[in-house]
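Enquirer: For reference, the structure I am asking about is given below.
Computed from the coordinates by the stated procedures, all read-outs in this text should not be read as laboratory data. Everything quoted here is computed from the prediction, not taken from an experiment. Cβ placement follows ideal geometry from the backbone for every residue including glycine, while neighbour counts extend to all protein chains displayed.
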Amino acid sequence: MSRLSLAALVRPFFIQLGEIAELGGLTLRNVFRKPWERKIFLQQLDEIGARTLPVVSLTAAFGGLVFGFQTYVGFHRYVGQGSEAYGGPIISLGLTKELIPILVGLMVAGRVGSSMAAQIGTMRITEQVDALFSLGADPNRYLVVPRTAAAFLMLPCLTLFGDLIGIIFGAIYNVGIMGVNGTVYVRNTLLYLQFWDVASGLTKAAVFGVIIAVVGCWQGLKTEGGAEGVGRATTRTVVIASISILIVNFFMSKFLPG
Amino acid sequence: MIRLSGLRKSFGPKLVLDGVDLEIRGGETMVVIGQSGSGKSVLLKLLIGILAPDAGAIEIDGTDVAPLRGDARQAVTRKFGMLFQGAALFDSMTVAQNVAFGLERYGRLTPAETAARVKDCLAKVGLAGIEGLMPHELSGGMKKRVGLARAIAYRPEIILYDEPSTGIDPIRADAINELILLLQREMGVTSIVITHDMVSAAKVADRIAMLYEGRIVACGTPGEIERSPNAVVQQFIHGRAEGPIRNW
């Protein structure tokens with residue numbers, strides 16, 4: 001590949017990265033400036049938190065079940081019968097540090113990130129974003145700040161809830177269905193699962209929340225070209241946010257202590 | 001008074017405004033005519049601060065506001081009310097919430113005073129009693145009138161109208177024209193109307209300016225524009241396909 005075509009490929013990536021960084025920086029600055037759009041913030045807490053709860057519950061329950069099942073199979077096959085009760089800490093560790101934050105992030109990116117892009121994108125192409133400005137509301141403070149702040153707060157809450165559901169369903173599979181010794185399973189889980197394991201998952205979730213909201217708002221605010229443009233913005237939001245979550249998750253797993 | 005001098009604006013390689021010079025006197029209604037895509041809406045967005053010019057000055061009452069950004073620019077925006085082409089009503093809010101939106105941000109009114117002002121503005125545009133309706137329950141003409149009520153609610157000094165008669169039938173368009181005249185009479189505001197509807201232009205304008213290829217090519221009273229020797233102006237106001245304007 002020639003240098004020219006490589007530059008042509010790489011340049012848009014860095015331009016877009018710059019746009020996201022600019023929007024993220026502006027949003028961070030505006031979080032600490034008044035006036036705060038409290039009503040929109042509360043609406044977003046409900047939208048991102050309460051309304052996403054059923055999806056997260058279902059995802060975490062089946063995540064817990066399948067992880068519990070595979071861990072059971074692993075111990076049973078490679079360590080031996082009776083060792084399955086030691087799977088408890090591994091299930092909780094895997095769920096709280098990796099699986100649940102990622103599943104919650106991907107679910108919220110699909111459900112909430114796309115809806116942010118569609119809503120703001122529609123406002124953009126119907127000049128409602130311009131109308132906000134003309135009526136004294138800064139579009140960043142009105143649209144982006146409340147969504148980002150709400151996602152930053154709600155993703156860890158959803159993840160914590162998902163952790164609980166996942167661990168319970170992992171235990172249900174092992175203890176309830178496969179007859180693993182419940183006392184040993186629970187004791188080992190409580191013994192080896194540390195506070196930081198849960199906290200690192202919650203930290204990741206907060207970062208994923210910011211990624212989802214900023215990407216969704218960024219795509220919404222740059223929407224052009226009618227309904228087709230809105231469709232493109234929603235698709236891009238899910239793709240960009242999901243890939244970013246997976247990449248950022250790897251680096252956070254690598255560099256976060258614990 | 002508003003004075004635009006040497007105003008330029010490009011989007012990527014496309015030069016939209018190429019040195020616009022225009023003076024709008026206090027209390028007058030200036031109609032800016034021009035083809036679709038000639039940059040008329042961009043001109044309004046530069047005035048209100050939604051877009052920033054690449055070069056040139058926008059003087060409002062003697063102060064150049066073009067270099068202002070952020071809160072300083074937003075303070076100037078308070079002087080403007082804008083009726084958007086598609087009304088741009090917030091579709092998640094009721095009519096009353098839409099009309100009150102700017103009022104709550106710019107005004108210092110109590111909730112009761114806000115409600116009274118909303119009622120008063122809706123009555124002024126002939127839509128009393130529809131406070132609880134949602135935008136999707138309104139016709140195109142009603143949306144425009146609610147948009148107008150929203151634009152005048154906080155009593156701006158300058159009202160910008162972006163294609164006020166586009167997308168509605170001639171009777172409703174004339175009703176909007178009557179409203180523009182009424183508001184100018186009652187509130188004494190300066191109005192800038194963007195349109196390519198010559199009937200509307202002739203009815204509401206104190207003066208008409210024509211934007212062509214990024215510049216103002218003619219400016220004068222409706223009578224002066226009607227008699228303009230400029231072939232571009234003549235072709236446009238008489239709606240002829242033949243003439244110097246070929247980019248249609």
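Enquirer: Averaged over A:120-128, how many beta carbons belonging to a partner chain fall within 10 Å of each residue's beta carbon?
Expert: Taking all residues of A:120-128 together, the mean is 4.
Enquirer: Going highest first, how would you order A:44-51, A:244-251, B:190-197 by mean Cβ packing within 10 Å?
Expert: Result, highest mean Cβ count within 10 Å first: B:190-197, A:44-51, A:244-251.
Enquirer: In whole Å, largest first, what are the principal axis extents of the Cα atoms in region A:55-255?
Expert: Its Cα atoms span 69, 30, 27 Å along the three principal axes.
Enquirer: Also, quick follow-up: Using the Kirkwood radius over C-alpha pairs as Rh, can you work out the diffusion coefficient of the protein assembly as shown via Stokes-Einstein at 10 °C, viscosity 1.306 mPa s, in µm² per second?
Expert: 61
Enquirer: Using alpha-carbon positions, what is the distance between the centroids of region A:90-133 and region A:1-52, in Å?
Expert: 12
Enquirer: Let me ask something else. Any chance you could run the full-extension gain for B:ARG246 through B:MET1? It's 0.36 nm times the residue separation minus the Cα-Cα distance, nm to one decimal.
Expert: Difference between extended and current length: 84.7 nm.
Enquirer: How many angstrom lie between the C-alpha centres of region A:142-179 and region B:140-156?
Expert: Cα centroid of region A:142-179 versus Cα centroid of region B:140-156: 45 Å apart.
Enquirer: How large is the translational diffusion coefficient of region A:1-139 in µm² per second when you combine the Kirkwood radius over alpha carbon pairs with Stokes-Einstein at 25 °C and 0.890 mPa s?
Expert: Using the Kirkwood radius from Cα pairs, D works out to 125 µm²/s.
Enquirer: Could I get the Rg over Rh figure for region A:150-258? Both from C-alpha atoms, Rh via Kirkwood, rounded to two places.
Expert: On the Cα set of region A:150-258, Rg over Rh gives 1.14.
Enquirer: In Å and from the alpha-carbon atoms only, list the Rg and Dmax of chain B.
Expert: Rg and Dmax of chain B, Cα atoms, are 18.0, 58 Å.
Enquirer: Take peptides A:188-198, A:206-216, A:57-67 and line them up by average Cβ neighbours within 10 Å, highest first, as a rough protection proxy.
Expert: Highest mean packing first, the order is A:206-216, A:57-67, A:188-198.
Enquirer: While we're here: Order by neighbour count: B:ILE158, A:ILE240, fewest other Cβ atoms within 10 Å first, most last.
Expert: Result, fewest neighbours first: B:ILE158, A:ILE240.
Enquirer: Right, next: Taking N as the number of residues in region B:178-248, what value does Rg over Cα atoms divided by 2.2 N^0.38 Å take?
Expert: It is 1.20.
Enquirer: Now a separate question. What is the distance in Å between the Cα centroid of region B:178-248 and that of region B:54-110?
Expert: Here the two parts' Cα centres lie 25 Å apart.
Enquirer: Taking beta carbons within 10 Å but only from partner chains, what does the mean come to for residues B:101-111?
Expert: The mean count of partner-chain Cβ atoms within 10 Å per residue comes to 2.
Enquirer: Divide by every residue of chain B the summed helix terms, -39500 (n - 2.57) for each DSSP H run of at least 4, and state the resulting mean residue ellipticity at 222 nm, rounded to the nearest 500 deg cm²/dmol.
Expert: Computed mean residue ellipticity for chain B: -11000 deg cm²/dmol.
Enquirer: Let me ask something else. Kindly provide log₁₀ I(q)/I(0) values, in the same order as q = 0.16 Å⁻¹, from the Debye equation applied to equal alpha-carbon scatterers of region B:59-165.
Expert: Evaluating at q = 0.16 Å⁻¹ gives log10 I(q)/I(0) of -0.70.
Enquirer: Let me ask something else about it. Near B:ASP162, within a Cβ-to-Cβ distance under 13 Å, what is the net charge of the other residues, with Lys and Arg +1 and Asp and Glu -1?
Expert: -1
Enquirer: Moving on. Averaged across B:75-81, how many Cβ atoms of other chains sit within 10 Å of each residue's Cβ atom?
Expert: Across B:75-81, the average partner-chain Cβ count within 10 Å equals 2.
Enquirer: To the nearest 0.05, how large is the calculated FRET efficiency for A:TYR192 and A:LEU9 if R₀ is 51 Å and r is the Cβ-Cβ distance?
Expert: Efficiency at R0 = 51 Å is approximately 0.65.
Enquirer: Starting with the fewest neighbours, write out A:MET123, B:MET82, B:MET198 ranked by other beta-carbon atoms found within 10 Å of each beta-carbon.
Expert: Neighbour counts put them in this order, fewest first: B:MET198, A:MET123, B:MET82.
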